[in-house]
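*Asks:* Please see the structure below; I have some questions.
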Amino acid sequence: MTAKQKQNELGKTLWDIADSLRGAMNADSFRDYMLSFLFLRYLSSNYQESVKKELGSDYPKLDEKDKRTPLSIWYDDNPDYVEEFEAQMRKKVHYVIEPDYLWGSIAEMARTQHPDLLKTLQKGFKYIENESFGNSFKGLFSEINLDSEKLGKNYDARNKKLCTIIQKIAEGIADFDTDTDSLGDAYEYLIGQFAAGSGKKAGEFYTPQQISSILSEIVTLDAQDPKLGKKKKINRVLDFTCGSGSLLLNVKTKIEKAGGTISQIYGQEKNVTTYNLARMNMLLHGVKDSEFNIFHGDTLKNEWPLLNEMNPAKKVEFDAIVANPPFSLRWSPSETTGEDFRYKNYGLAPKSAADFAFLLHGFHFLSDEGTMAIILPHGVLFRGGAESRIRKKLLDDNNIDTVIGLPSNLFFSTGIPVCILVLKKCKKEDDVLFINASDEENFAKEKRQNYLRKKDIQKILDTYQNRPEEKIERYARRVSMDEIVKNDYNLNISRYVSTAKPEPIIDLEEVHTKLVDVEDRIKASREEHNSYLRELGLKEI
């Protein structure tokens with residue numbers, strides 16, 4: 001079994017556990033418990049491996065029957081050195097976990113149905129939030145209500161339920177590698193499965209991996225000339241509606257696999273549950289707490305002080321920006337919003353659809369050498385009024401680089417077809433590349449969802465990267481600004497790249513010849529048939 005197959009198997013095993021244990025609890029609620037325990041398992045495993053290296057021969061060796069954690073024994077034997085030891089561990093792995101709160105201790109309490117498991121978990125979560133890391137992760141487990149009646153009607157019932165859940169998880173992952181890649185992929189797999197189970201709510205926290213891959217590949221390519229390949233370094237990457245953080249992690253993976261580096265990851269998320277999910281996801285994928293900054297706040301109100309700097313000289317800019325904002329969200333701009341530095345040169349998006357408000361927010365912080373890729377509903381391409389004026393300004397300033405049309409029903413949250421807009425401030429070409437990947441030849445169907453295969457994704461990326469001079473029939477074309485202006489700045493993809501198959505040319509002379517031949521054969525057959533009828537003395541037909 002390959003490493004990838006093992007990772008998938010681990011994810012499926014954990015999902016089966018979740019599916020069998022959650023009972024009447026909805027997917028969203030159980031997700032928070034399951035993923036939090038998986039996160040604790042990762043933190044503990046990673047920490048214990050580092051402790052083992054740090055202590056060397058001093059690391060306690062236990063008999064198989066001894067269910068205590070080695071670290072708890074070391075703490076008991078070396079109380080005078082604990083503070084110094086923890087300071088050293090903070091330098092090495094950026095966090096510490098006290099022995100009582102390690103997964104091994106928690107799992108053993110669950111196995112023995114210990115009556116204090118629930119209380120220990122509560123203390124452990126608070127400890128991790130406030131004391132484990134150099135940077136405070138306050139509220140990391142704020143949505144994990146261990147006193148919820150969804151777990152049981154009283155303390156004993158809740159404690160028993162938690163014992164069962166944790167014991168099943170511990171048993172389920174015992175035979176698997178639980179390194180960063182394996183657990184990280186399992187975490188992503190579970191997020192996807194919970195997204196599928198929670199229907200329309202899934203759009204709040206999850207971008208399907210296939211679409212995430214397209215955005216991530218695009219923003220990691222050289223902005224001025226994608227043909228040059230991947231950038232060597234991205235200083236800052238931003239997702240201002242980051243959900244669970246999967247898009248940001250995808251950008252990190254793509255550039256690092258190509259031998260490049262990424263200095264700092266930035267994300268913003270309004271939903272507190274999803275915000276906590278993103279922070280856990282970063283840590284679970286081995287991103288150090290000093291390497292990412294996820295902010296909890298409203299993007300449209302620009303509540304993040306980092307991005308609300310009025311002095312242009314102190315403005316923070318990003319080399320790569322990715323986003324999958326809520327589609328056509330109703331918003332309520334105030335009288336002064338029109339003077340906001342993000343919008344004043346373009347005008348405000350209509351109250352009925354904040355799509356361009358999100359786009360302009362991100363675009364404002366894009367660096368001159370950066371690339372922005374954002375998922376939006378098709379309406380932004382052709383709707384009139386305020387949106388038409390914003391679209392015109394972006395096109396006249398040569399900021400819209402590529403428009404990619406995707407098939408419908410790719411998302412758990414909506415069945416509508418969506419598009420990807422690629423924007424730049426350093427664009428050289430004075431045309432717009434249109435890619436129409438919505439035809440049935442360019443995706444596959446599976447149960448209720450459509451999905452993009454590897455070859456479909458690669459076709460989109462190759463077309464974007466190479467920007468062919470000649471059009472690709474029924475798929476892609478570079479369109480001049482003159483043509484776009486003639487179409488009144490309408491970017492409806494089918495105007496420029498139709499997927500309609502041409503009607504076959506009918507050769508009327510050939511058809512006539514065939515009809516005459518058929519008629520002659522009918523005549524001959526009838527005559528033969530009548531000859532038999534005459535022999536039998538029957539009436540001819």
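*Asks:* Only one of (1) within 21 Å of Ile144 (Cα to Cα); (2) in a helix (DSSP H, G or I) is not met by Arg90, so which one is it?
*Replies:* Against the list (1) within 21 Å of Ile144 (Cα to Cα); (2) in a helix (DSSP H, G or I), Arg90 comes up short only on (1).
*Asks:* Name the single residue, out of those in region 129-140 being surrounded by 18 or more Cβ atoms within 10 Å (Cβ to Cβ) and either in contact with a helix residue (DSSP H, G or I) (Cβ under 7 Å, 6 or more places away or on another chain) or part of a loop (DSSP other than H, G, I, E, B) (or both), that is modelled with the highest pLDDT.
*Replies:* First, the residues of region 129-140 that are surrounded by 18 or more Cβ atoms within 10 Å (Cβ to Cβ): 132-133, 137, 140.
Add one more test, that the residue is either in contact with a helix residue (DSSP H, G or I) (Cβ under 7 Å, 6 or more places away or on another chain) or part of a loop (DSSP other than H, G, I, E, B) (or both), and what stays is 137, 140.
Numbers: Phe137: 83, Leu140: 89.
Among those residues, the one meeting the criterion is Leu140.
*Asks:* Sort out which residues of region 273-292 are closer than 14 Å to His94 by Cα, touching a residue at least 40 places away in the same chain (Cβ under 8 Å) and in a helix (DSSP H, G or I), and write them in order of number.
*Replies:* If the condition is that a residue be closer than 14 Å to His94 by Cα, touching a residue at least 40 places away in the same chain (Cβ under 8 Å) and in a helix (DSSP H, G or I), then Leu283, Leu284 are the ones that fit.
*Asks:* OK, next. Ser36: at pLDDT 90 or above, within 27 Å of Leu151 (Cβ to Cβ) and in a helix (DSSP H, G or I), yes or no?
*Replies:* Working: at pLDDT 90 or above: no; within 27 Å of Leu151 (Cβ to Cβ): yes; in a helix (DSSP H, G or I): yes.
When the stated conditions are applied, Ser36 does not pass them.
*Asks:* Hey, another quick one. If you scan region 397-433, which residues turn out to be of a type in the set (Lys, Arg) and assigned to a loop (DSSP other than H, G, I, E, B)?
*Replies:* Initial filter on region 397-433 (of a type in the set (Lys, Arg)): 424-425, 427-428.
Answer for region 397-433, where residues must be of a type in the set (Lys, Arg) and assigned to a loop (DSSP other than H, G, I, E, B): Lys425, Lys427, Lys428.
*Asks:* Listed residues Thr178, Thr112, Thr164, Thr120; which is at pLDDT below 90, among the hydroxyl-bearing types (Ser, Thr, Tyr) and assigned by TED's automatic domain parsing to the domain that holds Leu38? Explain how you work it out, then say what you get.
*Replies:* On the way: Thr112 fails: at pLDDT below 90; Thr164 fails: at pLDDT below 90; Thr120 fails: at pLDDT below 90.
One residue alone meets the criteria, Thr178.
For every residue, the table says whether it meets (1) at pLDDT 90 or above; (2) in contact with a strand residue (DSSP E or B) (Cβ under 9 Å, 6 or more places away or on another chain); (3) among the acidic types (Asp, Glu).
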{"site": "Glu188", "(1), (2), (3)": "no, no, yes"}
{"site": "Ser198", "(1), (2), (3)": "no, no, no"}
{"site": "Gln209", "(1), (2), (3)": "no, no, no"}
{"site": "Ser212", "(1), (2), (3)": "yes, yes, no"}
{"site": "Lys232", "(1), (2), (3)": "yes, yes, no"}
{"site": "Leu238", "(1), (2), (3)": "yes, yes, no"}
{"site": "Asn250", "(1), (2), (3)": "yes, yes, no"}
{"site": "Gly267", "(1), (2), (3)": "yes, yes, no"}
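*Asks:* Still on this structure, I have one more. What pairs come up if the first residue lies in region 485-511 and is more than 22 Å from Ala386 (Cβ to Cβ), the second is part of a loop (DSSP other than H, G, I, E, B), and their beta carbons are under 6 Å apart, counting only those six or more places apart or on different chains?
*Replies:* From residues that are more than 22 Å from Ala386 (Cβ to Cβ), the pairs are Thr499/Asp439; Thr499/Arg474.
*Asks:* Continuing with the same structure: Just give me the residues in region 410-439 being out of contact with any Ser or Thr (no Cβ under 8 Å at 6 or more places or on another chain) and farther than 25 Å from Asn490 by Cβ, in sequence order.
*Replies:* Ser413, Cys426
*Asks:* Still on this structure, I have one more. Give the number of residues within region 304-323 that are at pLDDT below 95 and not in a helix (DSSP H, G or I).
*Replies:* So the answer is 5.
*Asks:* Do we find that Glu171 is among the charged types (D, E, K, R) and at pLDDT 90 or above in this structure?
*Replies:* On the way: among the charged types (D, E, K, R): yes; at pLDDT 90 or above: no.
No.
*Asks:* If you go through region 254-272, how many residues are assigned to a helix (DSSP H, G or I) and surrounded by 17 or more Cβ atoms within 10 Å (Cβ to Cβ)? Give the derivation first.
*Replies:* Taking region 254-272 first, the residues assigned to a helix (DSSP H, G or I) are 254-257, 272.
Next, from what is left, pick out any that are surrounded by 17 or more Cβ atoms within 10 Å (Cβ to Cβ): 254-255.
The number of residues fulfilling the criteria is 2.
*Asks:* Let me ask something else. Among the residues of region 367-379, which ones are surrounded by fewer than 23 Cβ atoms within 10 Å (Cβ to Cβ) and in contact with a strand residue (DSSP E or B) (Cβ under 8 Å, 6 or more places away or on another chain)?
*Replies:* Within region 367-379, Ser367, Glu369, Leu376, Pro377, His378 qualify.
*Asks:* I'm trying to understand the selection: among the residues of region 27-85, which are without any contact (Cβ under 8 Å) to a residue 60 or more places away in the chain and of a type in the set (Asp, Glu)?
*Replies:* Glu49, Glu54, Asp58, Asp63, Glu64, Asp66, Asp76, Asp77, Asp80, Glu83, Glu84
*Asks:* Cβ-Cβ distance below 8 Å, separation of 6 or more or different chains: which pairs start in region 368-383 with a residue that is charged (D, E, K, R) and end on one that is in a strand (DSSP E or B)?
*Replies:* Sorted first by the residue in region 368-383, then by its partner, the pairs are Glu369/Asp319.
*Asks:* If you don't mind, another one. I'm trying to understand the selection: among the residues of region 229-248, which are within 11 Å of Val322 (Cα to Cα) and not polar (S, T, N, Q)?
*Replies:* Selection gives Val237, Leu238, Asp239, Phe240, Cys242, Gly245, Leu247, Leu248.
*Asks:* Would you please name the residue that is farthest from Arg383 (Cα to Cα), looking only at residues in region 476-531 that are among the small types (Gly, Ala, Ser) and in a strand (DSSP E or B)? So that I can check it myself, show each step before the final result.
*Replies:* Taking region 476-531 as the starting set, the residues that turn out to be among the small types (Gly, Ala, Ser) are 476, 480, 494, 498, 500, 524-525, 531.
If we keep only those that are in a strand (DSSP E or B) too, we end up with 476, 480.
Values: Ala476: 22, Ser480: 20 Å.
Restricting to residues being among the small types (Gly, Ala, Ser) and in a strand (DSSP E or B), the top hit is Ala476.
*Asks:* Restricting to region 148-166, and then to whatever is in contact (Cβ under 8 Å) with a residue 12 or more places away in the chain and among the charged types (D, E, K, R), can you tell me which residue is surrounded by the most Cβ atoms within 10 Å (Cβ to Cβ)?
*Replies:* Arg158
*Asks:* Quick check on region 349-367. Is at least one of its residues within 26 Å of Asp439 (Cα to Cα), charged (D, E, K, R), touching a Phe, Trp or Tyr at 6+ places or on another chain (Cβ under 8 Å) and modelled with pLDDT of 95 or more?
*Replies:* Yes, region 349-367 has at least one match.
*Asks:* Now for a different question. Considering each of Glu149, Glu143 in turn, give the residue that is within 26 Å of the chain's Cα centre (by Cα), assigned to a loop (DSSP other than H, G, I, E, B) and closer than 26 Å to Val272 by Cβ. Before you say what the answer is, go through the steps one by one.
*Replies:* Working: Glu149 fails: within 26 Å of the chain's Cα centre (by Cα).
Checking each option against the conditions leaves just Glu143.
*Asks:* Looking for something in contact with a helix residue (DSSP H, G or I) (Cβ under 7 Å, 6 or more places away or on another chain), under 26 Å from Glu369 (Cβ atoms) and modelled with pLDDT under 95 - is there at least one such residue anywhere in region 466-483?
*Replies:* No, region 466-483 has no match at all.
*Asks:* Could you count how many residues in region 301-327 are surrounded by fewer than 16 Cβ atoms within 10 Å (Cβ to Cβ) and of a type in the set (Asp, Glu)?
*Replies:* 2
*Asks:* Now for a separate question. Just checking, which of Ser388, Ser352 is surrounded by fewer than 20 Cβ atoms within 10 Å (Cβ to Cβ), under 26 Å from the mean Cα position of the chain (by Cα) and among the small types (Gly, Ala, Ser)? Walk me through how you get there before you give the answer.
*Replies:* Details: Ser388 fails: under 26 Å from the mean Cα position of the chain (by Cα).
That would be Ser352, the only listed residue that is surrounded by fewer than 20 Cβ atoms within 10 Å (Cβ to Cβ), under 26 Å from the mean Cα position of the chain (by Cα) and among the small types (Gly, Ala, Ser).
*Asks:* Select from region 39-69 the residues that are in contact with a Phe, Trp or Tyr (Cβ under 6 Å, 6 or more places away or on another chain) and assigned to a helix (DSSP H, G or I) and write down the one among them that is farthest from Ile169 (Cα to Cα).
*Replies:* Step one: list which residues in region 39-69 are in contact with a Phe, Trp or Tyr (Cβ under 6 Å, 6 or more places away or on another chain), which gives 40-41, 44, 52, 60.
Those still in the list that are assigned to a helix (DSSP H, G or I) too: 40-41, 44, 52.
Working: Leu40: 12, Arg41: 10, Ser44: 14, Lys52: 24 Å.
Ranking the candidates gives Lys52 first.
*Asks:* What pairs come up if the first residue lies in region 324-342 and is closer than 24 Å to Val219 by Cβ, the second is among the aliphatic types (A, V, I, L, M) and in a loop (DSSP other than H, G, I, E, B), and their beta carbons are under 8 Å apart, counting only those six or more places apart or on different chains?
*Replies:* Close Cβ pairs (under 8 Å, with a partner that is among the aliphatic types (A, V, I, L, M) and in a loop (DSSP other than H, G, I, E, B)) amount to Pro325/Ala354; Pro326/Ala354; Phe327/Ile416; Ser328/Ala353; Ser328/Ala354; Leu329/Ala353; Leu329/Ala354; Phe341/Met310.
The values are calculated or read from the model by the stated rules, or taken from the named source; none is laboratory data. From a predicted model like this one, the values you see are computed outputs, not experimental measurements. Note that each Cβ is placed from the backbone with ideal geometry, even for glycine, and that neighbours are counted across all protein chains shown.
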